[in-house]
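Notes for the one structure printed next.
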Amino acid sequence: MKLNPAERTFRVDASRITISTVSTAPFHDFIPLRGRVLPLVSIVLDAVQGGRVEEVLAEPGQHVVAGQRLIRLSDPQLELDAIARETQVIAQMNSQHSLQLSFELTQTNDERAVAAAQYNVVRLGREVARRRPLAEIGFTSREKLDQSADEFNYEQRLVEISTKALARDAAVIKQSSDLIQKTAARLDANLAAAKAQLDTLTVRAPADGVLTALDAHVGEQKTRGQHFGQIDRDAGFKVTIQVDEFYLARVKPGQHVDATIDGVPSILTVTKVYPQVKDGKFEIDLAWEGAAPADLRRGQAVQGKLELGEDAATTVLPAGPFLEASGGAWVFVVDSDGSTAIRRPVKLGRRTTQSVEVLGGLQPGDRVITSDYTGLDRIDRLVF
């Protein structure tokens, strides 16, 4: 047989390749799945503040409640800083309290000055009223009357001055008091923050659940943000499965999955599809239809099958490693004499782990190399 010199030819050992035959058969449109049982809600425990582990107050596997102490850390520098901050805030609060007392004293003195001046006006007014007729008939001196009248006018002026001072001081005191109230709220917040900073040295459970991991030992140094544990909430379980990215467009919430957990069959439903692809796979979450089994545990293996469509007779080719390199765009078809294989473009459709649907380029009876095509992407003909 003559070879076309323009063709790129490569010799292969026939014993190292796999040849499969295209046929007409029912296409079982499903995806085999394998995943793990995981809690619906997990909370990661990180160190808010770094420090030395002084006490470990819980153990992995223990059921904990919200607020329960798990670890006590110590950080002398943080404690000193928090105490200094607390002292500074308390000093500022005392200063504001003293200023508030000073305002109250000023207001009281202003009110007393107004009251004293008003009293003197009334007293001197009566005195002038009594002396005026007596001065007219000579029973008292005109000088005494004039002196009382002058004092009366003076006290009237004092009433006016002290009243304005009272109003002016009251306005200033109100403005200052409003500012003190706002500052006091900030100081209270700062004081609470100083105390909370110390409280962060005690790690507490943020919610009820099972402490599934706790990595802490007395004397160990923890840094801020370091992960040291996990709590699984008492909110049930889900199944998380990684699926080949080829099926991303065909897997949707609401589809049913026949699964087996520890030999017990279950029916689950796809509840969430995560479109992010990593390492050629995307992730889906499954939930039980009805009540979940009572004895579920984190990490249990789940095997199942996701039906994507009904069985139908079509042209199929056994699946194999060739799909990795060619992407299903071309294959090597073995000649009738079985000595060579020619590269041929094809159109493939749905896939399972067992077979792939042929939409064009191949006919039943064609023999196709379905083993690995790595390194053959530029080759046109294989010679056995």
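Descriptive notes on the structure:
- Of A287, G299, A313, farthest towards positive along the dipole that unit charges on Lys, Arg, Asp, Glu beta carbons give region 278-339: G299
- Virtual paramagnetic centre 7 Å along Cα→Cβ of E245, amide N under 16 Å, in region 273-292: 274-284
- Remark: the K182-R298 segment gains 36.7 nm on full extension, using 0.36 nm per residue and subtracting the alpha carbon distance.
- Label-to-label distance, nm, for residues given as I161 and L134 (7 Å Cα→Cβ offset): 2.9
- Spin-label proximity, T24 to region 311-335 - amide N less than 12 Å from point 7 Å beyond Cα toward beta carbon: 313-316
- For region 319-384: accessible area per residue (Å², 1.4 Å): 45
- Set of aspartates and glutamates with alpha-carbon distance to K144 below 19 Å, sequence-local pairs under 8 removed: E127, E136, E155
- Estimated from the Cβ-Cβ distance and a Förster radius of 51 angstrom, the FRET efficiency linking R123 and N190 is about 0.45.
- Sorting the segments 344-352, 365-373 by their residues' average number of neighbouring beta-carbon atoms within 10 angstrom, most packed first, yields 365-373, 344-352.
- Given charges at beta-carbon only (K, R positive; D, E negative), |dipole| of region 279-384 in Debye: 260
- For the pair Q68 and A291, the difference between a 0.36 nm per residue extended length and the Cα-Cα distance amounts to 77.3 nm.
- Most positive-pole-ward Cα, S326, I31, F152, against dipole of the chain from beta carbon charges: F152
- Nearby lysines by direct alpha-carbon distance to K182 (threshold 22 angstrom, same-chain neighbours under 8 apart not counted): K174, K195
- Accessible area of the chain belonging to carbon and sulfur atoms, whole % at 1.4 Å probe: 52
- Contour minus Cα-Cα distance for I267 and Q88 (0.36 nm per residue): 58.1 nm
- Option label - percent of Cα pairs over 31 Å apart computed here, alternatives (i) 69; (ii) 38; (iii) 34: (i)
- A simple spin-label model places pseudo-atoms 7 Å from Cα toward Cβ; at R224 and V56 they are separated by 2.5 nm.
- For the pair K347 and V12, a Förster radius of 22 Å applied to the C-beta separation gives a FRET efficiency near 0.30, rounded to the nearest 0.05.
- The calculated FRET efficiency for A207 paired with E324, based on their beta-carbon distance and R0 = 30 Å, is about 0.10.
- Rounded Å value of the spacing that divides the Cα centres of region 348-362 and region 213-286: 30
- Pairs beyond 18 Å (Cα-Cα), from K252/K272; K278/K305; K252/K347: K278/K305; K252/K347
- Placing a pseudo-label 7 Å from each Cα along the Cα-to-Cβ vector at A116 and A170 gives an inter-label distance of 2.0 nm.
- The listed residues T24, T260, T314 rank as T24, T260, T314 when sorted by accessible area, largest first, using a 1.4 Å probe.
- Folded to 0 to 90 degrees: helix 76-136 orientation relative to the chain principal axis, Cα: 30
- In this view, the solvent-accessible surface of R132, computed with a 1.4 Å probe and all protein chains in place, comes to about 110 Å².
- Within a straight-line Cα-Cα reach of under 14 Å, K222 can be paired with the following aspartates and glutamates, leaving aside sequence neighbours fewer than 8 residues apart in one chain: D46, E54, E55, D75.
The values are calculated or read from the model by the stated rules, or taken from the named source; none is laboratory data. Predicted model, so just to flag it, every value in this text is computed and none were measured. Glycine gets a Cβ as well: all are built from the backbone with ideal geometry, and neighbour counts include every protein chain shown. Remember, those area values only see protein heavy atoms, side chains included, never the ligands or the DNA or RNA. Shrake-Rupley method; radii C 1.70, N 1.55, O 1.52, S 1.80 Å.
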